[in-house]
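Here is the structure we will look at, set down as structure tokens.
The values are calculated or read from the model by the stated rules, or taken from the named source; none is laboratory data. Nothing here was measured: the structure is a model prediction, and the numbers come from that model. Quick reminder, even Gly has a Cβ in these numbers, built from the backbone with ideal geometry, and neighbours come from all protein chains shown.
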Amino acid sequence: MGSYFAVRLSIFLHWLYVFASSAAATGADLAILRSQLSPDASVSWTTSIAPRWSDYDAPKPTAIINVAVEKDVQTTIQFCNSRSIPYLVQNGAHGSSTTLGQLAHNGVIINLAALNRVTFNADKTLVSLEGGTLMSEMIQSAYSNSALVLSGTCNCIGYLGALLGGGFGYLIGQYGLMLDNVVSLNVVLASGQAISVTPSDDEDKYDESLWWAMRGAGPNFGAVTSAVVKSYPVDSNSLNAWLGPLLFEDTQLDTLIQTMNDITLEPEMAMSLTFASSGNASASPSIILTVFYHGTEAQGKAAFAPIYKIGPVADETTITAYPNWNAAQDISCVKGGNKPSFGAGLAELEAESWKAVYDAYKNFILHPEAQESVILLSAYPTAQIKSIPDASTAYPFRSTVRFNAQASLAWNDSSFDASALAFGTFCRDKWRLSSGLKENSTYINNAFGDESLTTVYGQSLGRLQDLKRIYDPHGRFNYWFPLDGN
Ligand SMILES: Cc1cc2nc3c(=O)[nH]c(=O)nc-3n(C[C@H](O)[C@H](O)[C@H](O)COP(=O)(O)OP(=O)(O)OC[C@H]3O[C@@H](n4cnc5c(N)ncnc54)[C@H](O)[C@@H]3O)c2cc1C
Ligand SMILES: *[C@@H]1O[C@H](CO)[C@@H](O)[C@H](O)[C@H]1NC(C)=O
Ligand SMILES: *[C@@H]1O[C@H](CO)[C@@H](O)[C@H](O)[C@H]1NC(C)=O
Ligand SMILES: *[C@@H]1O[C@H](CO)[C@@H](O)[C@H](O)[C@H]1NC(C)=O
């Protein structure tokens with residue numbers, strides 16, 4: 001008992017200190033908020049927060065509200081609204097858009113990390129997940145239920161963070177985008193009202209519009225506290241896939257790009273190209289093509305025959321169980337440092353532009369600060385995505401984009417900022433000018449933050465802006481490519 005009271009006393013003294021050292025109004029406000037939250041919720045001050053994936057133009061809040069139950073999200077939003085305290089929802093903290101840096105310094109982050117319960121229904125066709133669930137938590141849970149769920153290729157991104165903007169992953173050719181698999185969303189709106197957003201046959205299009213808008217522009221409309229998504233029960237063989245890296249030499253790059261452009265991706269296939277430092281300054285950067293086939297090795301090798309024909313110099317493909325599909329990307333779970341991304345959607349690959357990007361990359365990584373920056377190009381089968389009409393979700397470019405290209409930069413020293421941004425811009429310009437698209441486009445989840453709103457929202461922009469005026473007239477959810485921005 002004695003130590004219990006000692007702990008309480010030290011917490012109390014800590015609070016006194018905190019009130020004295022931060023903006024008075026905010027400190028006092030947050031103490032009141034804390035008293036309204038559930039017992040396991042907590043408020044922590046910025047000195048004690050876990051780092052985000054990227055520090056570049058990251059939000060600098062005054063405090064983090066660690067919610068413990070879904071209701072805490074609504075309580076926090078209602079409270080913040082009543083005191084004009086800005087807030088930003090955080091799931092996996094991998095969002096790197098510079099728009100996040102617009103959170104005012106008296107603002108708070110609503111950290112959903114403790115909301116990570118994942119529950120499957122009896123026949124494993126539906127899964128409910130809470131708003132803070134990470135990709136790895138979803139995959140582990142699906143695997144132990146002998147089911148597959150559309151999942152991104154990085155374990156530490158937020159499930160909903162990825163889903164609300166689209167959600168790309170290996171099973172896209174079979175099951176579609178992550179957002180095409182949503183059945184319902186529980187959302188706290190900017191008004192503080194908590195509602196369930198579902199497809200509705202109702203003649204009243206009010207809620208149905210939100211159903212449209214959330215799937216592509218969700219972070220502009222509310223905080224998703226939980227969701228139900230489709231799940232696919234499978235036999236134990238189908239919990240495996242054939243995947244892994246194939247290594248190529250720089251002399252093979254032209255042919256590789258041309259083949260990636262020409263190959264027909266069956267629904268079971270996916271592939272992604274990476275340029276990375278080889279770790280040897282006098283050698284060329286590594287060219288790694290990760291291939292994926294949801295089937296056997298023989299099926300995979302047959303499907304990727306045009307790629308094998310080029311003659312990879314190394315082949316580390318292997319049959320891999322679902323929980324290990326993303327293992328090679330675990331290196332990108334390391335948090336901190338400047339890691340913005342410059343991305344572009346492409347309808348085709350032009351070998352000449354890719355050669356220019358490769359040469360520029362080779363030169364860029366001669367600088368020691370640039371060593372951990374990579375170039376990424378993902379290709380997915382598009383038939384399943386295109387089978388859903390463009391106008392049925394706010395996710396844009398459904399019928400036009402075949403590839404997502406990205407300069408994923410990483411550096412620490414601010415004296416290197418200008419060089420890094422110039423390189424990212426160079427790559428993005430090259431891709432845009434050879435994209436084969438009429439308009440510039442970027443997958444919102446890979447965008448830097450300076451893109452025009454049509455570049456990230458495409459043909460959905462006008463309707464989204466109309467809905468924004470209805471659902472968030474005060475611009476409370478305004479830190480992820482805000483719809484009332486430029
Ligand atoms: C290393 C790496 C790998 C990636 N791999 C993939 C991939 O395989 N497939 C893919 O599609 N994308 C991928 N991405 C992009 C990824 O989808 C975005 O970075 C996404 O924003 C990450 O979401 P988060 O929850 O981790 O980030 P956060 O920073 O927590 O969230 C990003 C934005 O979404 C909002 N948000 C998050 N959760 C909610 C919620 N529950 N309700 C309302 N708003 C919410 C936040 O407020 C913020 O504005 C990757 C990114 C990185 C850095
Ligand atoms: C680095 O690359 C150069 C050029 O390819 C090669 O000659 C050298 O042996 C490599 N060094 C190491 C340590 O691998
Ligand atoms: C940046 O700093 C982190 C932490 O010290 C380190 O792990 C990383 O390698 C550094 N990155 C670069 C590009 O130097
Ligand atoms: C598209 O991108 C290119 C290259 O960045 C740029 O020159 C052009 O102005 C952009 N077009 C539009 C319509 O924004």
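Within segment 265-281, residues that are more than 21 Å from Ser238 (Cα to Cα) sit with their Cβ atoms under 9 Å from residues that are of a type in the set (Asp, Glu) and within 16 Å of ligand 3 (Cβ to nearest atom), at 6+ positions apart or across chains, in these pairs: Ala276/Glu372; Ser277/Glu372. The condition (being surrounded by fewer than 20 Cβ atoms within 10 Å (Cβ to Cβ) and touching a helix residue (DSSP H, G or I) at 6+ places or on another chain (Cβ under 8 Å)) is satisfied by just one residue among Ala327, Ala356, Ala379: Ala356.
Among residues of segment 330-373 being within 12 Å of ligand 1 (Cβ to nearest atom) and part of a helix (DSSP H, G or I), the one that is farthest from Phe416 (Cα to Cα) is Asp330. For segment 203-259, a tally of residues being free of Cβ contacts under 8 Å to residues at least 12 places away in the same chain and either of a type in the set (S, T, N, Q) or within 13 Å of ligand 1 (Cβ to nearest atom) (or both) returns 2. Restricting the first member to segment 417-430 and to residues that are more than 15 Å from Asn363 (Cα to Cα), and the second to residues that are not in a helix (DSSP H, G or I), the beta-carbon pairs closer than 6 Å and six or more apart or on different chains are Arg428/Phe342; Arg428/Ala344. For segment 351-398, a tally of residues being touching a residue at least 40 places away in the same chain (Cβ under 8 Å) and within 16 Å of ligand 3 (Cβ to nearest atom) returns 12. Close Cβ contacts (under 9 Å, 6 or more residues apart or on different chains) running from residues in segment 150-171 that are assigned by TED's automatic domain parsing to the domain that holds Leu129 and within 16 Å of ligand 3 (Cβ to nearest atom) to residues that are modelled with pLDDT under 95 and not in a loop (DSSP other than H, G, I, E, B) comprise Cys156/Gln329; Cys156/Asp330; Cys156/Ser332; Cys156/Cys333. If you go through segment 256-284 and keep only what is within 16 Å of ligand 3 (Cβ to nearest atom) and touching an Asp or Glu at 6+ places or on another chain (Cβ under 8 Å), you end up with just Ser277. Where helices (runs of 4 or more DSSP H) fall wholly inside segment 235-324, the ranges with 2 or more residues that are acidic (Asp, Glu) are 253-262. How many residues are of a type in the set (Lys, Arg) and farther than 25 Å from Leu376 by Cβ if we restrict to segment 215-272? Here the count works out to 1. Looking only at segment 328-359, residues that are hydrophobic (A, V, I, L, M, F, W, C) and more than 17 Å from the chain's Cα centre (by Cα) come to 8 in all. Figure legend. Inter-residue proximity from segment 331-342: first residues outside the structural domain of Ala420 (by TED's automatic domain parsing), second residues aromatic (Phe, Trp, Tyr) and within 16 Å of ligand 2 (Cβ to nearest atom), beta-carbon distance below 9 Å, spacing 6+ or different chains. No pairs are indicated.
If only residues of segment 54-105 that are of a type in the set (Gly, Ala, Ser) and within 25 Å of Ser38 (Cα to Cα) are counted, the one that is farthest from ligand 1 (Cβ to nearest atom) is Ser82.
Within segment 45-87, the set of residues being assigned to a loop (DSSP other than H, G, I, E, B), closer than 22 Å to Pro482 by Cα and not acidic (Asp, Glu) comprises Arg52, Trp53, Ser54, Tyr56, Ala58, Pro59, Lys60, Pro61, Thr62, Ser84, Ile85, Pro86. The set of residues in segment 467-481 that are on the phi > 0 side of the Ramachandran plot and crowded, with 21+ Cβ neighbours inside 10 Å contains only Phe481.
For Gly107, the conditions (1) at pLDDT 95 or above; (2) crowded, with 18+ Cβ neighbours inside 10 Å are fulfilled apart from (1). The set of residues in segment 448-462 being within 12 Å of ligand 4 (Cβ to nearest atom) and among the polar types (S, T, N, Q) consists of Ser452, Thr454, Thr455.
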